[in-house]
């Protein structure tokens, strides 16, 4: 299982997201896409077992709700070793009343299938605030009410309309873990810069 590094903590707190490279194997991707190929023609309000075809009535493509019900390859994503430690760490709650009911729960779990011109508009993060999106860092612990995993199961290129994530913070509660390595003594100079 991947461990949460000090740099992961810093970047999550600063930006509101992390990029975990090579989170899935080629076989896992192949198995997931094989299932999606069977479900991609599901219509709005149709069911395939316990997977529900859904959209908001516009040009947002197809959402396959409860996708973990589509088979073992999707079920394995629930507590995948590439990210489960990150989820537990950033949701936090260990030692609290809420944690007694289980460390995590699934609020929503779906796959999106979209074609050219299809998208869901910007959402979340409204100025009034939402309890489900609540975030704080207190006494050295993270408390994030909702952590999402976004996976690209196919290549997304320029013009494909991939998911856009806007960094959620312009500050950090945590000092960069390598801050001290890059200090300079009085009278020092910078002798080179890298691109």
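Which of the residues belonging to the stretch 23-47 are in contact (Cβ under 8 Å) with a residue 24 or more places away in the chain and not in a helix (DSSP H, G or I)?
23, 24, 40
Only residues that are assigned to a loop (DSSP other than H, G, I, E, B) and surrounded by 13 or more Cβ atoms within 10 Å (Cβ to Cβ): list them for the stretch 1-22, please.
2, 4, 16, 17, 18, 20
Bear in mind that the values in this text are calculations on the coordinates, not laboratory data. The model shown is predicted, which means the values in this text are computed figures rather than measured ones. Here the Cβ is made from the backbone with ideal geometry for all residues, glycine too, and neighbour counts use every protein chain on show.
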